[in-house]
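Quick notes on the structure that follows.
The values are calculated or read from the model by the stated rules, or taken from the named source; none is laboratory data. Since the model is a prediction, treat every value here as computed from it, not as a measurement. We place every Cβ from the backbone using ideal geometry, glycine too, and count neighbours over all the protein chains shown. The area values use the complete protein model at the heavy-atom level, side chains included, leaving out ligands, DNA and RNA. Shrake-Rupley method; radii C 1.70, N 1.55, O 1.52, S 1.80 Å.
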Amino acid sequence: MPTSDLLRDHAAAWERATRHPFLLAVRDGSIPPGAFDTWLVQDARYVGDLLRFQARLLARAPRPAQAVLAAGAVALVAELAWFEELAGRRGLDLDVPRLPATAAYAGLLDRLDGVDVPAALTALWAIERVYLDAWSAAAPGAPEYAGYVAHWTTPEFAGYVDGLAAAADALGGRHDDVVLEVLDAEVAFWDMAMGDG
Ligand code: HMH
């Protein structure tokens, strides 16, 4: 299976993107609250960018991949509503400019419009798989963050990630380059929250 090969053959890169100091600090509660809020607001921006990318990918996806991509797009719309509700509760302004790592990641999503559908779908699988694994590594999380960690590690989310893998595997090919680009973009995104980006 192409996706499981990618996990196996780039284990160190996956590890870097999922065992980041940001996540360890969420797990043990040592994260400065401001760093978490900075990250949260940037992630909301990112999800908006991801939804637009996913809609463009859906538009060119073959029939068998449409269901998982469409369901995922609906989930991203719900995620944006969740961010808005959360921002209201935490008193956060979501209408802020992208920080450099967020802008760079948006640039990568735009570039993925130019690769073939099997590669772009594999990249989307990597985007979601790395996020699921990262939050799973932070579980259960310090008490003040446990609700967030639970939100990003649900069985429904894991099922969606499996669905993306199946759709990508059905299209075949090896797409190492885009996956490695995604993993680098994820590390930069976590770095940003720690003030290192
Ligand atoms: C940085 N990567 C980042 N944020 C997300 N929300 C996802 C992936 C997946 O949803």
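Numerical summary
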read-out	value
Of all accessible heavy-atom area on the chain, the percent that carbon and sulfur account for (1.4 Å)	59 percent
The chain - accessible surface per residue (Å², probe 1.4 Å)	44 Å²
Global geometry of the stretch 108-197, whether rounded, prolate or oblate, following the gyration tensor of its Cα atoms and the 1.5 cut on a/c	oblate
With DNA, RNA and ligands ignored, accessible area of HIS10 (1.4 Å probe; Å², nearest 10)	30 Å²
10 Å beta-carbon shell around ARG174, net charge (K/R +1, D/E -1)	-4
Computed [θ] at 222 nm, deg cm²/dmol, the chain (DSSP H ≥ 4; -39,500 (n - 2.57); rounded to nearest 500)	-26000 deg cm²/dmol
Stretchable slack from LEU180 to ALA158, in nm (0.36 nm times residue separation minus alpha-carbon distance)	5.8 nm
Spherically averaged projected area in nm², based on the convex hull that wraps the Cα atoms of the stretch 26-95	5.6 nm²
Relative contact order computed over the chain (Cα-Cα under 8 Å; 6+ residues apart), in percent	40 percent
Two-decimal Rg to Rh for the chain - Kirkwood Rh, Cα set	0.94
Choice from THR122, THR38, THR18 with maximal GNM fluctuation in the chain (Cα, 10 Å cutoff)	THR38
Size of electric dipole in the chain: Cβ of Lys, Arg +1 and of Asp, Glu -1, about Cα centre, debye, nearest 20	260 debye
Helix axis angle, 117-138 relative to the chain longest principal axis, alpha carbon, degrees	30 degrees
